[in-house]
1. For region 68-81, which positions are exposed (fewer than 15 other Cβ atoms within 10 Å of the Cβ), outside any strand (DSSP E or B) and in contact (Cβ under 8 Å) with a residue 12 or more places away in the chain?
2. Based on this model, can you work out whether Ser49 counts as loosely packed, with under 14 Cβ neighbours inside 10 Å, closer than 29 Å to Asp163 by Cα and among the polar types (S, T, N, Q)?
3. When only residues in region 119-155 that are farther than 22 Å from Glu183 by Cα and out of contact with any helix residue (DSSP H, G or I) (no Cβ under 8 Å at 6 or more places or on another chain) count, which is modelled with the lowest pLDDT?
4. Just checking, which of Arg153, Arg142, Arg122 is surrounded by 22 or more Cβ atoms within 10 Å (Cβ to Cβ), over 21 Å from Ile32 (Cβ atoms) and of a type in the set (Lys, Arg)?
5. Kindly indicate which of Val38, Val14 is touching a strand residue (DSSP E or B) at 6+ places or on another chain (Cβ under 8 Å) and buried (at least 17 other Cβ atoms within 10 Å of the Cβ).
6. Take Glu116 and decide whether it is in a loop (DSSP other than H, G, I, E, B) and either at pLDDT below 95 or more than 23 Å from Met168 (Cα to Cα) (or both).
7. Does Pro43 meet the test of being touching a Pro at 6+ places or on another chain (Cβ under 6 Å) and in a loop (DSSP other than H, G, I, E, B)?
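The values are calculated or read from the model by the stated rules, or taken from the named source; none is laboratory data. Since we're looking at a predicted model, the values are computed, not measured. Every residue, glycine as well, gets a Cβ built from its backbone with ideal geometry; the counts of neighbours run over all protein chains shown.
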Amino acid sequence: MSKWVVDAENITKVYQMGEVEVHALRGISVKIAPGEVVAIMGPSGSGKSTLMNIMGCLDRPTSGEYSLNGESVANLSDDQLAEIRNRGVGFVFQSFNLLPRATALANVELPMRYAELNGRNRKEVSRQALEAVGLGDRIRHRPNELSGGEMQRVAIARALVNDPAIIMADEPTGNLDSKAGDEIMKLLRTLNEERGTTLIVVTHDPEIASLTDRIISLRDGRIKEDN
């Protein structure tokens, strides 16, 4: 196993908006060890979502070196990047991103369909993941039959099913009230402690960030603090 799950060296990201260049990241270097729980904070436009997208292989840096789990991703094809994402990263988003007409079980199965696991295994692993997040009695419910907190638990179960090295959560409590948000963060911490999964949380909320072990603060595409 690599010493670092995330190893980013002098990462830049430049977007071309018409004739204007927007420098979203300006030479960011960060290393994250297996099992760490890290918050990425910063005001709107600071680059935190751009950094998460690069860390999660959803986007490529303009320049710099990036390795995920010891594997350099700079020169990989789109298909290879998609395979690394599916195998090594679980994503949890603010808006849940659940299929509205599918049951909780079917939503959780989705990443394994892409990995082409057989149906019986998919259902069993998905059921276990839902039990791990406290929804063993909700596996047949559709999203409109679940609360916001329960929908986010389904999303977390979906992020877990391929046993990723890293879970990336982008504002995972943004659409929840404070009680449900606290429960989601406690759940993510518990999964980190039980499974050793690295957890990276992008948030603007200092209370959510305080529940992590390390806070990386961004401003204007640069790291302002890392402690």
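1. Keep residues of region 68-81 that are exposed (fewer than 15 other Cβ atoms within 10 Å of the Cβ), which gives 70-72, 74-75, 77-80.
Keeping just the survivors that are outside any strand (DSSP E or B) gives 70, 74-75, 77-80.
Residues satisfying the conditions are Gly70, Ala74.
2. Working: loosely packed, with under 14 Cβ neighbours inside 10 Å: no; closer than 29 Å to Asp163 by Cα: yes; among the polar types (S, T, N, Q): yes.
It is false that Ser49 is loosely packed, with under 14 Cβ neighbours inside 10 Å, closer than 29 Å to Asp163 by Cα and among the polar types (S, T, N, Q).
3. Going through the qualifying residues, I end up with Gly119.
4. Numbers: Arg142 fails: surrounded by 22 or more Cβ atoms within 10 Å (Cβ to Cβ); Arg122 fails: surrounded by 22 or more Cβ atoms within 10 Å (Cβ to Cβ).
Every option except Arg153 fails the conditions.
5. On the way: Val14 fails: buried (at least 17 other Cβ atoms within 10 Å of the Cβ).
Exactly one residue qualifies, and that residue is Val38.
6. Working: in a loop (DSSP other than H, G, I, E, B): yes; either at pLDDT below 95 or more than 23 Å from Met168 (Cα to Cα) (or both): yes.
The answer is yes for Glu116.
7. Values: touching a Pro at 6+ places or on another chain (Cβ under 6 Å): no; in a loop (DSSP other than H, G, I, E, B): yes.
Criteria not met by Pro43.
Table: residues versus (1) within 26 Å of Tyr15 (Cα to Cα); (2) among the hydroxyl-bearing types (Ser, Thr, Tyr); (3) in a helix (DSSP H, G or I).
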site	(1), (2), (3)
Gly35	no, no, no
Asn53	yes, no, yes
Tyr66	yes, yes, no
Arg85	yes, no, yes
Val92	yes, no, no
Phe96	no, no, no
Leu99	no, no, no
Met112	no, no, yes
